Amino acid sequence: MSAPSYDHIRVEKIGSATRIEINRPRRSNSLHSESHFELDRAFSEFNSDATQRVAVIRGAGSRAFCAGTDLKDLAVRGERPLPATGFAGLTERFDLFKPVIAAINGDAVGGGMEIVLACDLAIAVESARFGLPEPRVGLAASGGLHRIARSVPLKCAMDIALTGRLFGAVEALEFGLINRVVPAGALEAAVGELADQICLCAPQSIRATKEMIMVGLEEASLEQAFARSYPEYQKMLSSSDSEEGAAAFAEKREANWTGR
């Protein structure tokens, strides 16, 4: 089967990692309807491909990770539909239990910051800027507001959301929005190292871990989170990889994961 073709993004599979690049640098990698649906296809393909364990999303060039909605396209063409999985095919995708890393090569503002919030891990270059500036153009950050309120202390979320100001990578790190800040030339190596560390773990264990964290947070109390059923966790317990992990530890060797 031939690989899917795209006009506005690039997708490359390197080993067990899927690398997705928003390829609209002349528009600061802002997104219009077509690019949203292409990203939806790319993440759906990643989710269904058993050989792929982690995804990395970044923007083309060095200026912007993603500048959010393409307002010029919106002004000319009017309201355009989004996939059911939300902005970038990711922000309302709630069944993806494989990790997604944001490689933030430049500004991540508006919807671009919403993508970062929807990712599980994030590494940014020192020059990157962040923000939810929607109120400054007569809008609100929509789903990004729900995510920011669940990602940082409430006063910090209000600061970010109500002012619409842009802030730097160091402040984003202090807020807990990203995991690391690196020089521009070190981004690819840092993201690759993080992806490699994830891929050392059993695939089903990673899916179960993400499921338990994300789904457990939906419950109102710790007791309810403990009581809830987690299908990916149950699959992990009955997997051959759980037996392989114990055997590899006992035999002092590297595990040979099959994902089953």
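The values are calculated or read from the model by the stated rules, or taken from the named source; none is laboratory data. Keep in mind it's a predicted model, so treat the numbers as computed, not measured. With ideal geometry, Cβ positions are generated from the backbone for all residues, glycine too; neighbour counts draw on all protein chains shown. Surface accessibility is based on the protein's heavy atoms, side chains included, excluding ligands, DNA and RNA. Shrake-Rupley method; radii C 1.70, N 1.55, O 1.52, S 1.80 Å.
List of remarks:
- The residues listed here are GLU211, GLU243, GLU254, GLU232; of these, the one that is open to solvent by 90 Å² or more (accessible area, probe 1.4 Å) and touching a helix residue (DSSP H, G or I) at 6+ places or on another chain (Cβ under 9 Å) is GLU254.
- Residues (open to solvent by less than 60 Å² (accessible area, probe 1.4 Å) and either among the basic types (Lys, Arg) or without any contact (Cβ under 8 Å) to a residue 60 or more places away in the chain (or both)) located in the range 193-208: CYS201, ALA202, GLN204, SER205, ARG207
- Filter result for the condition that a residue is closer than 28 Å to ILE14 by Cα and in contact (Cβ under 8 Å) with a residue 40 or more places away in the chain, over LEU177, LEU166: LEU177
- You will find that of ASP7, ASP40, the residue that is more than 16 Å from ILE101 (Cβ to Cβ), in contact with a Gly (Cβ under 6 Å, 6 or more places away or on another chain) and open to solvent by 10 Å² or more (accessible area, probe 1.4 Å) is ASP40 and no other.
- Filter result for the condition that a residue is at pLDDT below 95 and either surrounded by fewer than 18 Cβ atoms within 10 Å (Cβ to Cβ) or more than 16 Å from the chain's Cα centre (by Cα) (or both), over ALA184, ALA225: ALA184
- Among (1) open to solvent by 10 Å² or more (accessible area, probe 1.4 Å); (2) under 13 Å from the mean Cα position of the chain (by Cα) - the single one VAL100 does not satisfy: (1)
- Residues satisfying the stated conditions in the range 43-56, i.e. in a strand (DSSP E or B) and either within 17 Å of PHE87 (Cβ to Cβ) or open to solvent by 10 Å² or more (accessible area, probe 1.4 Å) (or both): ALA55
- When the range 124-146 is filtered for residues that are buried (at least 20 other Cβ atoms within 10 Å of the Cβ), within 19 Å of the chain's Cα centre (by Cα) and more than 15 Å from PHE65 (Cβ to Cβ), only ALA141 remains.
- If you check LEU177, LEU162 for being buried (at least 16 other Cβ atoms within 10 Å of the Cβ) and either of a type outside the set (Phe, Trp, Tyr) or closer than 17 Å to GLY106 by Cβ (or both), only one passes: LEU177.
- Test set (1) closer than 17 Å to ILE9 by Cα; (2) modelled with pLDDT of 95 or more; (3) open to solvent by less than 50 Å² (accessible area, probe 1.4 Å); (4) more than 15 Å from the chain's Cα centre (by Cα) - ASP70 fails condition number: (2)
- When each of PHE87, PHE43 is tested for being aromatic (Phe, Trp, Tyr) and within 23 Å of ALA157 (Cβ to Cβ), the lone residue that passes is PHE87.
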